[in-house]
1. Using the Kyte-Doolittle scale, which helices in the chain average at least -0.5 and also have C-alpha atoms spread 18 Å or more along the helix axis, with helices defined as whole DSSP H runs?
2. Sorted by packing (mean other beta-carbon atoms within 10 Å per residue), highest first, where do 40-51, 59-70, 130-141, 145-156 land?
3. Can you sort 317, 28 from fewest to most other Cβ atoms within 10 Å of each residue's own Cβ?
4. If eta is 1.002 mPa s and T is 20 °C, what Stokes-Einstein diffusion coefficient results for segment 223-268, Kirkwood Rh from Cα pairs, in µm²/s?
5. Most exposed first by the Cβ proxy, i.e. fewest other Cβ within 10 Å, how do 19, 80, 207 rank?
6. Per residue, what volume in Å³ does the convex hull of the Cα atoms of the chain enclose?
7. Provide the descending list of Cα extents for segment 1-104 along its principal axes, expressed in whole angstroms.
8. Which of 74, 167 has the fewest other C-beta atoms within 10 Å, and how do the rest follow up to the most?
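Just so you know, all these numbers are worked out from the coordinates, no wet-lab data involved. As the structure is a computational prediction, the values presented were derived from the model and not from experiment. For neighbour counting, all protein chains shown are included, and Cβ atoms are generated from backbone atoms with ideal geometry for every residue, glycine included.
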Amino acid sequence: MKLPRCAVLDDYQGVALSSADWGPLAGRVEVRALREHLADRDALVAAVEDCEILVVMRERTPVDAALLDRLPRLRLIVTSGLRNASIDVAAARARGITVCGTASSAEPPTELTWALLLGLARHVRTEAQALREGGPWQSTVGADLAGRTLGLVGLGKIGGRVARIGLAFGMDVLAWSPNLTEERAAEHGVRLAKDRRELLGSSDFVSLHLVLSDRTRGLIGEQELRAMRPSAYLVNTSRAGLVDGGALLRALREGWIAGAGLDVFATEPLPADDPLRTLPNVLALPHLGYVTESNYARYFGQAVEDIEAFLAGAPVRELG
């Protein structure tokens, strides 16, 4: 009897099959992992058209209705996390395809947010590169955190954790989101800004922690970036679509803001010729916010559970 086939997409580090115990699927499912990102739709279809199951990592590969139409064998999609805007769940359901997710920890993106913020404040990229290349010894003066204002756009699961660390650094923490209340802000020990303009104009560091939706797409545009202080830094570990990309490039090139720490981009992987790779006031990482040993163990371990449950006819963690 032919076993159902499962492809794990975008296994960049080649660790999907070693991050969890796939043993429970032995003899029941034929599993393979694809390390190369297949941006070309024809190449992607050729690589997985024989599969009944796909395991996708976050939003690395969009799964829309057009792709689903070309994968008639597909019966189950498992995504890391319990939200994936790049999967057309309704289209999948209409074709009899189940979509399930996994848990995701807020700690890894919280920690990476602070890696970027601290890297910007202390000019880590510039100084580390100079040290490695024999450049000048101490060429920059770092920005202090204590006594400065941290502005958080979003105070949810991740934003709330970022706020606590900011308070521990002795920062004045200000927060705003479309639905944030004064009571909720007070629970986190932070001040509520009356609107995003007040937050942006008052903050030395601004960090974004909102879900991308029609309501929040392009929330930070030219007017908002111009409202920031020329000495302020913007950190985005959430979603690139929250910020107008063209306006951000102008802000960085023309000095509207001091710099940006970015872990998310409109196109991923980031094209080789993208100016964000070379701007001196950008500290950029290749979307590593959720990429840690514990999160990968959680993602792939629960992916195995999702597949087992599906095979048993009782799917768990279905996305609605």
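1. Membrane-span-like by this criterion, though nothing is claimed about a membrane: 107-121, 293-311.
2. Going by the mean number of other Cβ atoms within 10 Å, highest first, we get 145-156, 59-70, 40-51, 130-141.
3. Starting with the residue having the fewest Cβ neighbours, the order is 28, 317.
4. Stokes-Einstein gives a translational diffusion coefficient of 201 µm²/s.
5. 19, 80, 207
6. Hull volume normalised by residue count: 151 Å³.
7. So the extents along the principal axes, rounded to whole Å, are 34, 32, 26.
8. 167, 74
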